[in-house]
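Notes follow once the structure below has been shown.
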Amino acid sequence: MVSNRQRYQKTWNFSALVRAKHSRASIWLTLMVGLTGCAGAERPVHSATATDAQVDLGQSLVPAPLGSKVEALLEEINDSRSGTGTVTLITPPAARQAVVDARDAMKKSQWARLQTLAPLAKSDPVLGSYADYWLLRQQLQDSTRPVPDALLQKFMQENQDAYLADRLKADWIIAAARAGNYALVNQLGPVTNSNTHVECSRLLAQHMTGQRVKPAQVVAAFSPNRSCWSMLDQMADSKVVGWKELQPLLRATLESNKTGNAQRMAAVMFDARQMVDYAALMNNPRKWLAGRTPPRSRAETELVAIALSRLAYGKERETNAVYVESAWSKAIPKSDIEWVWSQFGLVAALNVAPDAAGWYRRSGNQRLTDYNHAWQVRSELRQAPINWDLVANSIRRMSASQAAEPVWVYWYARALAAQGQKAAATKHYESIAHELNFYGQLASEELGKTPSLPPAPAPVTAAELQAARSNAGLQRAIQLFELGWRPEAVPEWNFALRGMDDRRLLAAAELARREQIFDRVVNTSLLTESEVDFTQRFVAPFEGRVTEKARLINLDPAWVYGLIRQESRFITDARSHVGASGLMQLMPATARWVAKKIGMTNFTPSSVNDFDTNTVLGTNYLSMVLSKLNGSQVLATAGYNAGPGRPVQWRAKLAGPVEGAIFAETIPFTETRMYVKNVMSNATYYAMMFTGKPQSLKERLGTVSPEPEKRIALP
């Protein structure tokens with residue numbers, strides 16, 4: 001393996017198709033097909049629970065009896081198993097090219113071409129099942145064609161325990177439910193890596209075949225997609241769910257301001273005449289409310305409450321609040337008017353308005369959505385002084401699952417400490433201090449512990465690494481990464497990890513490091529529970545070249561590494577959904593601007609993914625942002641993600657100086673809030689690794705004080 005090869009260049013060549021150190025199963029598969037063909041800081045969610053993925057070779061390719069030369073080769077392999085266990089796996093170039101062409105046909109919806117390519121593609125011993133999968137998936141998604149049950153069953157038998165079989169099973173369940181074949185849905189049973197489409201389809205099938213479905217199951221599974229809407233419609237028609245379940249769903253959807261989904265939910269709750277009113281009030285709530293008499297039914301009350309809540313939006317919030325108080329506070333139930341005030345608080349909090357806490361305090365002890373309670377706490381944290389009693393009360397009203405999240409355990413402990421309940425506060429800090437993340441670090445510091453890294457586990461052995469290299473699912477993923485097919489490679493890799501213990505996960509992460517697939521190094525190592533390898537979780541690739549670029553302009557290398565780990569997970573040609581590129585995720589216009597500013601005369605847009613170009617531009621831009629934001633890493637991190645003008649706006653609305661942790665937690669953009677906390681946590685760990693000395697996250701976060709808003713002359 002060439003030491004400087006990068007897995008994420010979006011090009012590929014056939015030289016990468018000759019690989020070493022594969023399992024005996026892969027050798028067998030190659031002999032069956034290849035030889036005859038030549039004569040082919042936060043834990044990620046990980047829901048898979050079954051045993052490791054293995055391709056059932058006996059089901060898929062059973063040839064005629066082996067020739068003497070092949071048998072001799074197998075005997076030689078058996079004799080050498082006590083050694084390195086290496087063998088060259090050769091994929092027929094024509095077969096691999098057929099797979100590549102098949103993917104191109106799939107992307108272009110050229111189904112006849114894909115059908116022609118599939119037989120040859122199937123002779124690829126590693127990736128040959130993909131062409132058949134793409135064909136079958138298309139047939140499942142085409143509602144004008146019958147479901148090809150026999151072909152689906154055959155594919156699943158030939159690819160037992162493989163990722164594609166599980167994914168196809170999920171697609172089959174969704175299609176069967178859509179076609180009304182509920183018995184088949186029940187027969188297919190659960191999938192390993194499920195999703196809300198599958199869960200809603202399965203609940204619908206259970207209900208339609210006479211099995212009892214509980215309202216709580218419906219609410220827990222629901223997500224605004226086609227399968228779940230069909231399920232919810234049926235459950236509402238059958239009275240499995242009613243107003244008690246639907247009203248919170250509608251209100252939660254309205255809080256996200258996703259008006260299309262809210263209208264769809266409203267249609268489940270309201271009749272046709274009421275939906276006319278709903279459309280009118282969403283268009284102009286004040287006009288719809290004008291001259292209206294107090295509501296006389298539950299549905300009318302809800303429509304009025306929704307209309308009043310919409311008055312929180314816009315620039316007339318204060319004026320509208322006076323109207324709500326004078327005209328409607330006595331006309332609808334207290335619980336509904338308190339919910340309305342909570343919406344005024346939420347909208348204000350999302351605009352980091354200083355009066356947000358005041359609106360929330362008018363909502364009484366109303367049980368709100370977890371999302372709203374979170375912002376209620378955040379609005380109180382921005383007050384000067386902080387009312388810790390209200391912080392604690394808001395957290396106590398969250399659901400048990402949300403209150404148990406490290407973020408709220410930490411702030412509840414802070415509230416208890418402020419109230420003089422030291423023993424209770426200590427207990428809460430201790431419950432999360434072991435967690436290797438932002439709030440685990442802060443809790444540890446509150447306990448007075450010296451920040452340190454966990455003990456290193458025993459190194460991965462040669463045998464453990466070989467076992468990882470022999471894993472069929474990891475093999476497929478690596479070859480998909482070779483092709484630059486990240487959308488296929490990542491789920492293949494993740495599926496192969498299911499059921500692995502810490503030692504096997506460490507070995508898989510080490511394999512990813514050897515293959516220079518750095519995002520899989522980090523994400524795989526994050527799954528370990530007792531054995532923690534920080535050289536994997538906080539991998540620092542590129543042989544010090546990032547550190548060199550940072551030090552050239554007096555930037556903290558640990559901070560730069562922490563930012564890159566969050567931005568791109570060290571994927572050199574990573575590209576975001578908004579068009580940011582490279583290790584440091586630069587937008588095209590920003591890259592051009594910085595290149596011009598620093599005199600990089602050889603810059604071209606196509607060079608933005610080049611390591612040196614990206615890191616020079618990225619570190620220079622980060623340095624510029626830092627200098628414009630008073631040298632505050634927490635502000636500069638927020639500015640790097642959301643634009644340098646945003647933290648200036650948020651800082652200007654502070655009531656007084658706040659801890660950096662409070663500033664980070666009250667950032668109104670979810671992506672930026674998580675980003676800042678992760679980058680700052682990452683940087684602290686990298687600093688410990690680079691210096692070998694304790695590092696304080698609290699000191700790194702510092703204090704943020706209010707300053708008048710000013711224009712930042714940066715893109």
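Quick notes
- Between the C-alpha center of segment 636-651 and that of segment 661-713 there is a gap of 12 Å.
- Helix-only mean residue ellipticity at 222 nm for the chain, each DSSP H run of n ≥ 4 adding -39500 (n - 2.57), per residue, nearest 500: -18000 deg cm²/dmol
- Dimensionless Rg/Rh of the chain - Kirkwood Rh, Rg from C-alpha atoms: 1.00
- Theoretical FRET efficiency, 1/(1+(r/R0)^6), r = Cβ-Cβ of Lys107 and Ala652, R0 41 Å, to 0.05: 0.30
- Relative packing of peptides 513-525, 230-242 - highest average C-beta neighbours within 10 Å first: 513-525, 230-242
- Our estimate of slack between Ser143 and Ser576, defined as 0.36 nm per intervening residue step minus the Cα-Cα distance, is 152.6 nm.
- 20 Å Cα-Cα reach of Lys244 towards lysines, excluding residues that sit fewer than 8 places from it in its own chain: Lys214, Lys334
- Segment 230-301 and segment 594-632 have their alpha-carbon centroids 50 Å apart.
- Length released on extending from Ser194 to Ala216, taking residue separation times 0.36 nm less the Cα-Cα span: 6.1 nm
- For the pair segment 375-454 / segment 333-347, the C-alpha centres are spaced 26 Å from each other.
- Once C-alpha pairs closer than 8 Å and six or more residues apart are averaged by separation and normalised to the residue number of segment 538-640, the relative contact order reads 22 percent.
- Modelled label reach - Arg273, point 7 Å along Cα→Cβ, segment 297-318 residues with backbone N closer than 11 Å: none
- Working from Cα pairs under 8 Å separated by at least six residues, relative contact order for segment 563-715 is 22 percent.
- Stretch gain in nm, segment Ala290-Gln153, where the contour uses 0.36 nm per residue and the Cα spacing is subtracted: 43.2 nm
- Pairwise FRET efficiency - Tyr371 versus Gln421, Cβ, R0 = 22 Å, nearest 0.05: 0.20
- Computed from the Cβ-Cβ distance with R0 of 22 Å, the FRET efficiency linking Leu552 to Thr691 stands at 0.70.
- Calculated P(r) of segment 545-704 - Cα pairs past 28 Å, %: 18
We did not get these values from a lab; they are worked out from the coordinates using the rules stated. Here the structure is a predicted model, which means the values were calculated and not measured. Neighbour counts are summed over all protein chains in view; Cβ atoms, including those assigned to glycine, are modelled from backbone coordinates with ideal geometry.
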